[in-house]
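Computed from the coordinates by the stated procedures, all read-outs in this text should not be read as laboratory data. Because the structure is a prediction, the values reported are computed rather than measured. Backbone-built Cβ (ideal geometry, glycine too); neighbour counts: all protein chains shown.
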Amino acid sequence: MPLALLWLAIFIGEGIKNVGKGNGSDNMSMETFKHLFENNDQLIKEKNLHTFLGISKTDAQTITQRYPDIPHVTLNGNNYFPKSQLREWVKKIG
């Protein structure tokens, strides 16, 4: 099994454990989880968002604060951005 697939399996497993627990602010909805899994969407860590968008780190932080509707999932306090959904979102606001 390639390392990337192993990492994805671990990530999904951790996400499944967290679905429906807590206060809802730190969990991925089952609908979001299904979408990511079915579409084999790659996730970008928040610290790498600026690279994907081709902007500065400061500008990426401003975008995430100014646009709370930016497509993302939160797991264990960390934000991840699905690449395909992020591309579509940028097209809409651009």
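Please list the non-local residues whose amide H lies under 5 Å from the amide H of N79, H modeled 1.01 Å from N, same-chain partners needing a gap of 5 or more. Sorted by chain and number, the residues that satisfy this are E46. Each Lys or Arg adds one and each Asp or Glu takes one away; over the other residues whose Cβ falls under 15 Å from the Cβ of E88, this sums to +2.
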